[in-house]
Amino acid sequence: MNKTLASRLALAAAVTLVLGACTTAPSAPQYLNSGKILPTTLPFSEAVRVGNQLILSGQIGNIPGSLKLAPGGIAGESKQVLDNIKTSLEAHGYTMNDVVKCTVMLADMKEWAAFNEVYQTYFQAGRFPARSAFGSSGLAFNAKVELECSAAK
């Protein structure tokens, strides 16, 4: 075999290996419920994992194990909803540092600044997730805030 043909075959083999390593089949979604925040009998998953991404359902500031909201108005509910997000992430092998996107729903947009005061304490300065926020005419269980996050490793 001549050198040129051998070089071309070696290059083709290397390209095939690299492309094969880069084109892995997508993993099937995993539907997850830890039972640490809400009852597992509700008609939605606490989280869905697809590959290295964890997508959390919206959380409200309920006291874990109940549907009762934390006391203290927007500040109390904001702290509780972020604690609930943290608990849910950790139950599935993620941390607050893995959060890449959040969507905030507020019953009253006038409470946006009060929510932000609590929210920013859960993330490292300069590493805030991408975020959207909007007002709502009503949230589940008359909550003041609902937070939905996605995380990735």
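Read the figures in this text as sums done on the coordinates, not as results from a lab. Here the structure is a predicted model, which is why all the values come from computation and not from measurement. Note: ideal-geometry Cβ built from the backbone for every residue, glycine included; neighbour counts use all protein chains shown.
Per-residue Karplus couplings for region 114-129, computed as 6.51 cos²θ - 1.76 cosθ + 1.60 with θ equal to phi - 60°, are listed in order as 5, 4, 4, 4, 6, 3, 5, 6, 8, 10, 6, 4, x, 10, 6, x Hz, Gly and Pro entered as x.
Amide H to amide H, with H built 1.01 Å from N, Ala47 comes under 5 Å of Leu32, Ser57, counting only residues 5 or more places away or on other chains. Using θ = phi - 60° in the Karplus curve 6.51 cos²θ - 1.76 cosθ + 1.60, the 3J(HN,Hα) couplings for region 28-45 round to 5, x, 10, 9, 10, 9, 7, x, 7, 10, 10, x, 7, 8, 6, x, 7, 8 Hz; x is entered for Gly and Pro.
Over region 27-152, what is the mean sequence separation of C-alpha contacts under 8 Å (at least six apart), divided by residue count, expressed as relative contact order in percent?
On the way: 237 pairs, mean separation 37.9, N = 126.
That works out to 30 percent.
Computing FRET efficiency as 1/(1 + (r/R0)^6) for Met109 and Lys86, where r is the C-beta to C-beta distance and R0 is 30 Å, gives about 0.75. Computed on region 51-114, with alpha-carbon pairs under 8 angstrom and 6+ residues apart, the relative contact order is 25 percent. Counting only lysines at least 8 places from Lys79 when in the same chain, those with an alpha carbon closer than 26 Å to its own are Lys36, Lys68, Lys101, Lys110, Lys144, Lys153. Charged side chains reduced to their Cβ positions (Lys and Arg at +1, Asp and Glu at -1) give region 27-152 a dipole of some 100 debye around its Cα centre. Dividing the mean sequence gap of close Cα pairs (under 8 Å, 6+ apart) by how many residues region 102-146 holds gives a relative contact order of 65 percent. Amide hydrogen proximity for Leu54: with H placed 1.01 Å from N in the peptide plane, the residues at 5 or more positions away or on another chain lying under 5 Å are Ala151, Ala152.
Output the antiparallel fraction of DSSP beta bridges having both residues in region 15-153, as a percent to the nearest 5. Don't skip to the end; give the middle numbers.
Numbers: 20 of 26 bridges.
Once the DSSP bridges in region 15-153 are tallied, antiparallel ones form about 75 percent.
When each of the peptides 60-69, 43-52 is scored by how many other beta carbons lie within 10 Å of its residues on average, the order from highest to lowest is 60-69, 43-52.
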